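Take a look at the structure set out below.
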Amino acid sequence: MKVGLSTTMIQGGKGGIGQYVFALTRAMIAERPDVKLHLFVLRDDIPLFNFADGQVEIIPVDEKYRSPIKNILFHQFTVPKEAKRLGLDLLHVPSYRRMIWSQAVPTVATIHDLAPFHVKGKYDFARMFYGKVVVKLIARRQQKVISISQNTAADIERFFGIPKKAQKLVLNGIDHSRFNVGEPSTARALLGKTHGLLRPFFLYISRLEHPAKNHVRLIEAFENFKRENDNRWMLVFGGGEWHGADVIHARAAESEFSEDIKFLGFVGDDELPDLYRASRAFVYPSLFEGFGLPPVEAMACGTPVISSRAGSLDEVVGDAAATIDPFKVGDITTKLTHIATSQEARQTLIDKGLENAQRFDWAENARAVAKVYEEVLGR
């Protein structure tokens, strides 16, 4: 089975779709070597797939197609022709804004979320229009749509008119060989050397996007926490720059506790598990998520999690997180204080988190996705 997988929207691997593509590729190689992946990869991103060298076919894509508009046109006009030329059996596009109208070969799309329908001002007018109006028509032409959570499946039915029964729900996974308890003291010593994180800290891993990721309210809650507790705690952000990052940096810079707020930038795969282990609590106050991998990764590393229930997070974190109303700074402050001061509460969340994390596995994801390919091709 020759399957084309588009990777040209992964933004250098610094977003959720990039992590999905990397994980799916690794797991498909291990679980279903009979699925011959042909990856469409922007030339500058090719080194990111060195882990799959010799096990997949790389189809280089000119860098001129990196910009959003040109990338959309590339998917609509070039990818179908290339798929036909290469004799591919199927195309898999892991982004709803890059779904393909042409049916030169059967198409499968993974839809991670429909955030523009929920978060006002997430993108500019043109992107919002394309995502809400044009994509709705393209979605209905896919042979199969993969949804990654019950929440996303419900949104696809509500906004795109594709019934849940016509979709395939395949939960995201985590790599348990990377994300596990490990040794927190070793991780803290390492992060102390590499980033100067020598004091207890709350961690938030997410791209720096305002307002959707809700960094500003978390900063305000952290300020309240510091005033009320007079402690040495820090607030650490890990994530690449995105729309509205300047607003987040400006708010942190004007804080009376600015010296206790640290930005690490994008955190690489090798460092991420230790960062989870080193943190005393992971905080995820996002205003909307189609899934939300970081809270589950943190749980697998034995870190207590504070999370909103927005979007799919309710089903993803279950009862294994201290949940917050992301719009209420006071509620976030209360949970920060409780987790920082109660060892009993921390241990309860650690135990529940470790159990919850076992529900998610990339190997199972790859096997389920391969079955979708087979169903579409009638095999």
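The values are calculated or read from the model by the stated rules, or taken from the named source; none is laboratory data. Every value quoted in this text rests on a predicted model; they were computed, and no experiment measured them. All Cβ positions, glycine included, derive from the backbone under ideal geometry; neighbour counts span all protein chains shown.
Being crowded, with 23+ Cβ neighbours inside 10 Å, of a type outside the set (A, V, I, L, M, F, W, C) and touching a helix residue (DSSP H, G or I) at 6+ places or on another chain (Cβ under 9 Å) narrows it down to one of S102, S149, so name that one. S149 is the lone residue from the list that is crowded, with 23+ Cβ neighbours inside 10 Å, of a type outside the set (A, V, I, L, M, F, W, C) and touching a helix residue (DSSP H, G or I) at 6+ places or on another chain (Cβ under 9 Å).
In this structure, V93 does satisfy being surrounded by 20 or more Cβ atoms within 10 Å (Cβ to Cβ), under 24 Å from the mean Cα position of the chain (by Cα) and β-branched (V, I, T).
Considering only the range 78-86, I want to know if a residue exists there that is among the small types (G, A, S) and in contact (Cβ under 8 Å) with a residue 60 or more places away in the chain. Among the residues of the range 78-86, at least one is among the small types (G, A, S) and in contact (Cβ under 8 Å) with a residue 60 or more places away in the chain, which makes the answer yes. Among the residues of the range 197-232, the ones that are out of contact with any helix residue (DSSP H, G or I) (no Cβ under 6 Å at 6 or more places or on another chain) and not in a helix (DSSP H, G or I) come to 16 in all. Tell me whether the range 274-284 contains one or more residues that are of a type in the set (F, W, Y), under 23 Å from E355 (Cβ atoms) and in a helix (DSSP H, G or I). Yes; the residues of the range 274-284 include at least one that is of a type in the set (F, W, Y), under 23 Å from E355 (Cβ atoms) and in a helix (DSSP H, G or I). Kindly indicate whether any position in the range 182-200 is touching a residue at least 12 places away in the same chain (Cβ under 8 Å), touching a Cys at 6+ places or on another chain (Cβ under 8 Å) and closer than 29 Å to Q358 by Cα. Looking for residues that are touching a residue at least 12 places away in the same chain (Cβ under 8 Å), touching a Cys at 6+ places or on another chain (Cβ under 8 Å) and closer than 29 Å to Q358 by Cα, one finds at least one in the range 182-200, hence yes.
Testing E315 on (1) out of contact with any Ser or Thr (no Cβ under 8 Å at 6 or more places or on another chain); (2) assigned to a helix (DSSP H, G or I); (3) surrounded by fewer than 24 Cβ atoms within 10 Å (Cβ to Cβ), one condition comes back false. Which one is that? The single condition E315 does not satisfy is (1). Looking across the range 1-46, the residues that are farther than 20 Å from N365 by Cα and under 21 Å from the mean Cα position of the chain (by Cα) come down to T8, M9, Q11, G12, K14, F40, V41, L42, D45, I46. Test R158 against the stated conditions and say whether it is outside the structural domain of T337 (by TED's automatic domain parsing), among the basic types (K, R) and assigned to a helix (DSSP H, G or I). The answer is yes for R158.
Residues in the range 343-379 that are within 24 Å of the chain's Cα centre (by Cα), among the basic types (K, R) and either surrounded by 17 or more Cβ atoms within 10 Å (Cβ to Cβ) or assigned to a helix (DSSP H, G or I) (or both): 3 in all.
Suppose the filter is of a type in the set (V, I, T), over 19 Å from the mean Cα position of the chain (by Cα) and in the same structural domain as I17 (by TED's automatic domain parsing); does V216 pass it? Against the criterion (of a type in the set (V, I, T), over 19 Å from the mean Cα position of the chain (by Cα) and in the same structural domain as I17 (by TED's automatic domain parsing)), V216 does not qualify. Take I138 and tell me if it is of a type outside the set (K, R), free of Cβ contacts under 8 Å to residues at least 40 places away in the same chain and part of a loop (DSSP other than H, G, I, E, B). So I138 does not fit the description; no.
Within the range 241-255, the set of residues being closer than 14 Å to E220 by Cβ, part of a helix (DSSP H, G or I) and either touching a strand residue (DSSP E or B) at 6+ places or on another chain (Cβ under 7 Å) or charged (D, E, K, R) (or both) comprises I248, R251, A252.
Of the residues making up the range 83-97, those that are within 21 Å of G18 (Cβ to Cβ) and at pLDDT 95 or above number 4. Just one of the listed residues (L235, L191) is outside any helix (DSSP H, G or I) and under 22 Å from A278 (Cα atoms), and it is L235. Looking across A340, A298, A320, one residue alone is of a type in the set (G, A, S), over 16 Å from V181 (Cβ atoms) and not in a strand (DSSP E or B). It is A340. Just so you know, in the range 161-188 the residues that are part of a loop (DSSP other than H, G, I, E, B) and of a type in the set (A, V, I, L, M) include one that is surrounded by the fewest Cβ atoms within 10 Å (Cβ to Cβ), and it is V181.
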